[in-house]
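Notes follow the structure.
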Amino acid sequence: QCADSIEDASLFPSEIYTLHLPVKLLTLSACESSQGKLLPGEGMLSLSCSFFYAGVQQIIASFWQLEDRESAVLMPIFYKAAIKGDSPAIALQKMKYSVIKSEEKTFTWAAFQIYVRSLP
């Protein structure tokens, strides 16, 4: 199950907008971290949008609820490839492929997507 949020540890989009985060890659492996609200004329407003506004270049986020234990298995595979020098997109592809070719019957790998900042 997803961990319950703790009020003291909560971070809201309005707070993120005020930050300066010149970060190349941010991983949001929490449940439904890519979900947002579609606003006419604006597009999708989400937690990712807040981080992009703050300066993050690329974000890996999930579309749906994930078991913490499944995410804990997938993220090390991703980071192992990234640390070896693969781009985030290639590292994510390798993580997904390793799960697909394994005997584990899960589709958790499909939850993660990479988003790239389009603002200058």
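Since every read-out is calculated from the coordinates, none of them should be taken as a lab result. The structure displayed is predicted, hence computed values, not measured ones.
For GLY55, what residues show an amide H to amide H distance below 5 Å, using hydrogens built from the backbone and excluding near sequence neighbours?
So GLY55 has HN proximity to LEU21.
So which lysines can LYS24 reach, going by Cα to Cα under 23 Å and dropping same-chain residues fewer than 8 places off?
Hits, sequence-local ones excluded: LYS80, LYS84, LYS94, LYS96.
Using modelled amide H (1.01 Å from N, peptide plane; none on Pro or chain starts), what sits under 5 Å from the amide H of LEU26, excluding residues fewer than 5 places away?
Counting only residues 5 or more places away or on other chains, the set is GLN58, ILE59, ILE60.
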